[in-house]
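J.: I'd like to ask you about the structure that follows.
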Amino acid sequence: MDKSFWLDKWEKQEIGFHLAQVHPLLKKYYQTVFSQADGVFVPLCGKTTDLTFLLNQGKYVLGCELSEKAVAAYFQEHRLEIKKQQLGEFVEYQNDHLSLLVGDFFKLSAAQLVGCQAIYDRAALIALPESMRKQYVAHLTNLMPHASLLLVTLEYPQPQMAGPPFSVEKKEIDSLFAFAEVNSVYTNNIIEKEPKFAARGLSYLNECAYIIRW
Ligand SMILES: C[S@@+](CC[C@H](N)C(=O)[O-])C[C@H]1O[C@@H](n2cnc3c(N)ncnc32)[C@H](O)[C@@H]1O
């Protein structure tokens, strides 16, 4: 998936992944994963409302997103005053305890993440093709030598639909995070609540959550 793929999605507003509501699994596992963290890193954040939920719990929130359109939309939709500055290869949109870095996740450095002890990944790992997922996890661990991660994924028969979102099964999660403590905490078949995916021919669609610590 190259950058133009995602920039084009934001340009055309083909953002079916964006949810109007806070993700229920973030609410469900918030205490377990994030209560001890001062700061939460949200990779590939889009303009998710989950950022607001984390801010409302008193966290420092650092997001990274390729599309400036997405980041600007988050600030506009939440009526936040924008403080904008160039930080190396990134443009930072900042307000109080929120910092959204516009740019490529793979270009982030550990120094930019010092305030974060936990990670929230919903639709980030599964937005990437298999060939990039190892690199994504390797970079996350370079950025944060120790972290608690809430990871929300999807599983479906991959031959039935081309991603993204990609199907990433437990076996792959175990292998990607073999260095960490991985707890599979939730699996639910949501195909009946997802008519768009049913129409694309999926026979099932499992939403899964993992709590991972290293
Ligand atoms: C499937 S969306 C999920 C967005 C958000 N996590 C949510 O739940 O709404 C994936 C997002 O990752 C962004 N993205 C893709 N590759 C990226 C990269 N290398 N660095 C930063 N953002 C990236 C895309 O622009 C897109 O907004």
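J.: Does Leu101 fit the bill of being outside any loop (DSSP other than H, G, I, E, B), open to solvent by 10 Å² or more (accessible area, probe 1.4 Å) and near the ligand (Cβ under 9 Å from one of its atoms)? Working first, answer last.
T.: Numbers: outside any loop (DSSP other than H, G, I, E, B): yes; open to solvent by 10 Å² or more (accessible area, probe 1.4 Å): no; near the ligand (Cβ under 9 Å from one of its atoms): yes.
So Leu101 does not fit the description; no.
For every residue, the table says whether it meets (1) assigned to a loop (DSSP other than H, G, I, E, B); (2) small (Gly, Ala, Ser); (3) within 19 Å of Gly16 (Cα to Cα).
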| residue | (1), (2), (3) |
| --- | --- |
| Ser131 | no, yes, no |
| Lys134 | no, no, no |
| Thr141 | no, no, no |
| Val152 | no, no, yes |
| Pro159 | no, no, no |
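J.: I'd like the full set of residues that are small (Gly, Ala, Ser), at pLDDT below 95 and either under 21 Å from the mean Cα position of the chain (by Cα) or open to solvent by 60 Å² or more (accessible area, probe 1.4 Å) (or both), limited to the range 198-212.
T.: Ala199
Residues checked against (1) open to solvent by 30 Å² or more (accessible area, probe 1.4 Å); (2) within 20 Å of Ser184 (Cβ to Cβ); (3) out of contact with any helix residue (DSSP H, G or I) (no Cβ under 8 Å at 6 or more places or on another chain):
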residue	(1), (2), (3)
Ile126	no, yes, yes
Arg133	no, yes, no
Tyr136	no, yes, no
Asn142	yes, no, no
Ser148	no, yes, no
Val152	no, yes, no
Tyr156	no, yes, no
Ser167	no, yes, no
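J.: A follow-up question, please. May I ask you to list pairs of residues, at least six apart or on different chains, whose Cβ atoms are under 8 Å apart, with the first in the range 110-124 being closer than 12 Å to Asp38 by Cβ and the second being of a type in the set (Ser, Thr, Tyr)?
T.: Matching pairs, first to second residue: Gly115/Tyr60; Cys116/Tyr60; Gln117/Ser148; Ala118/Ser148.
J.: OK, next. Within the bounds of the range 188-195, is there any residue that is modelled with pLDDT under 95 and within 16 Å of the ligand (Cβ to nearest atom)?
T.: yes
J.: Restricting to the range 153-197, what's the tally of residues that are within 18 Å of the chain's Cα centre (by Cα) and of a type in the set (A, V, I, L, M)?
T.: 6
J.: So which residues in the range 39-57 are open to solvent by less than 60 Å² (accessible area, probe 1.4 Å) and polar (S, T, N, Q)?
T.: Thr48, Thr49, Thr52 - these are the residues of the range 39-57 that are open to solvent by less than 60 Å² (accessible area, probe 1.4 Å) and polar (S, T, N, Q).
J.: Which residue out of Leu44, Leu54, Leu66 is more than 9 Å from the ligand (Cβ to nearest atom), within 23 Å of Tyr136 (Cβ to Cβ), touching a residue at least 60 places away in the same chain (Cβ under 8 Å) and out of contact with any Ser or Thr (no Cβ under 7 Å at 6 or more places or on another chain)? Give the steps one after another, and end with the answer.
T.: Working: Leu44 fails: more than 9 Å from the ligand (Cβ to nearest atom); Leu66 fails: more than 9 Å from the ligand (Cβ to nearest atom).
Unique residue meeting the criteria: Leu54.
J.: I've got another one for you. Return the residue satisfying two criteria in turn: it lies in the range 1-16 and is closer than 18 Å to Arg122 by Cα, open to solvent by less than 70 Å² (accessible area, probe 1.4 Å) and out of contact with any Lys or Arg (no Cβ under 6 Å at 6 or more places or on another chain), and of such residues it is nearest to the ligand (Cβ to nearest atom).
T.: Step one: list which residues in the range 1-16 are closer than 18 Å to Arg122 by Cα, which gives 1, 6, 9-10, 14-16.
Checking which are open to solvent by less than 70 Å² (accessible area, probe 1.4 Å) leaves us with 6, 9-10, 15-16.
After this cut, where a residue has to be out of contact with any Lys or Arg (no Cβ under 6 Å at 6 or more places or on another chain) as well, the list is 6, 9, 15-16.
Working: Trp6: 3, Lys9: 7, Ile15: 7, Gly16: 9 Å.
Restricting to residues being closer than 18 Å to Arg122 by Cα, open to solvent by less than 70 Å² (accessible area, probe 1.4 Å) and out of contact with any Lys or Arg (no Cβ under 6 Å at 6 or more places or on another chain), the top hit is Trp6.
J.: Looking at (1) at pLDDT below 95; (2) buried (at least 20 other Cβ atoms within 10 Å of the Cβ), which is the only condition Tyr93 fails?
T.: (1)
J.: Which numbered condition trips up Ser167, out of (1) free of Cβ contacts under 8 Å to residues at least 40 places away in the same chain; (2) hydroxyl-bearing (Ser, Thr, Tyr); (3) within 16 Å of the ligand (Cβ to nearest atom)?
T.: (1)
J.: Still on this structure, I have one more. Could you say whether any residue in the range 26-38 is open to solvent by 30 Å² or more (accessible area, probe 1.4 Å), within 12 Å of the ligand (Cβ to nearest atom), over 25 Å from Gln86 (Cβ atoms) and in contact (Cβ under 8 Å) with a residue 60 or more places away in the chain? Step through it out loud before you land on a result.
T.: Taking the range 26-38 and keeping what is open to solvent by 30 Å² or more (accessible area, probe 1.4 Å), we get 27-28, 31-32, 35-36, 38.
Next cut, within 12 Å of the ligand (Cβ to nearest atom) only: none.
No, there is no match, as no residue in the range 26-38 is open to solvent by 30 Å² or more (accessible area, probe 1.4 Å), within 12 Å of the ligand (Cβ to nearest atom), over 25 Å from Gln86 (Cβ atoms) and in contact (Cβ under 8 Å) with a residue 60 or more places away in the chain.
The values are calculated or read from the model by the stated rules, or taken from the named source; none is laboratory data. None of these values were measured; they are calculated from a predicted model. So basically every Cβ, Gly included, is an ideal-geometry build from the backbone, and we count neighbours across all protein chains shown. In case anyone asks, the SASA skips ligands and DNA or RNA and just uses the protein heavy atoms, side chains included. Shrake-Rupley method; radii C 1.70, N 1.55, O 1.52, S 1.80 Å.
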